[in-house]
Ligand SMILES: [Zn+2]
């Protein structure tokens, strides 16, 4: 009788430990999920002349042709990254910038006033990005371009 009680007590505490472990795992999983949900899916946001003309999820291969007075850029999303496939600007500097695939990175075509940047899909257009500090993306990137052009 006595030994049976001890046995069941030990079994009980083992169950508690297993339960706690499960809870910890569940908590960990939930945290991961929330983090994933919080940062959202990454998208390539294409801005032409300070206007957002396209938002392309990096998870989906796609192509977008941006036309403006100065010329044409072909923005391509492929294998989770984005690059400028083709452009008729002088020097093709935007094409030479290669592929970007992480948040906060950007491609710029100065002659065409085109910016391709990677942002979280749920970040909205007005979410300040890491590299721009506190100002809104639109105004500060325009300022950056002015500085670079000079
Ligand atoms: Zn270019």
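Would you point out the residue of segment 113-142, among those that are more than 14 Å from the chain's Cα centre (by Cα) and crowded, with 17+ Cβ neighbours inside 10 Å, that is modelled with the lowest pLDDT?
So, considering only residues that are more than 14 Å from the chain's Cα centre (by Cα) and crowded, with 17+ Cβ neighbours inside 10 Å, the one modelled with the lowest pLDDT is 132.
Considering only segment 55-94, state which residues are within 16 Å of the ligand (Cβ to nearest atom) and in contact with a helix residue (DSSP H, G or I) (Cβ under 8 Å, 6 or more places away or on another chain).
73, 83, 84, 85, 86, 87
What are the residues in segment 114-127 that are farther than 17 Å from residue 40 by Cβ and more than 10 Å from the ligand (Cβ to nearest atom), if any?
Scanning segment 114-127 gives 115, 116.
Residues that are surrounded by 15 or more Cβ atoms within 10 Å (Cβ to Cβ) and free of Cβ contacts under 8 Å to residues at least 60 places away in the same chain: find the strands (runs of 3 or more DSSP E) completely inside segment 10-112 holding 2 or more of those.
Where strands (runs of 3 or more DSSP E) fall fully within segment 10-112 and carry at least 2 residues being surrounded by 15 or more Cβ atoms within 10 Å (Cβ to Cβ) and free of Cβ contacts under 8 Å to residues at least 60 places away in the same chain, they are 51-57, 62-68, 71-78, 81-87, 106-109.
Can you tell me which residue among 26, 30, 42 is under 27 Å from residue 122 (Cα atoms) and at pLDDT 95 or above? Can you show your working first?
On the way: 26 fails: at pLDDT 95 or above; 30 fails: at pLDDT 95 or above.
That would be 42, the only listed residue that is under 27 Å from residue 122 (Cα atoms) and at pLDDT 95 or above.
The values are calculated or read from the model by the stated rules, or taken from the named source; none is laboratory data. Being a predicted model, the structure only gives us computed values, none of them experimental. Reconstructed Cβ throughout: ideal geometry from the backbone, glycine too, with neighbour counts over all protein chains shown.
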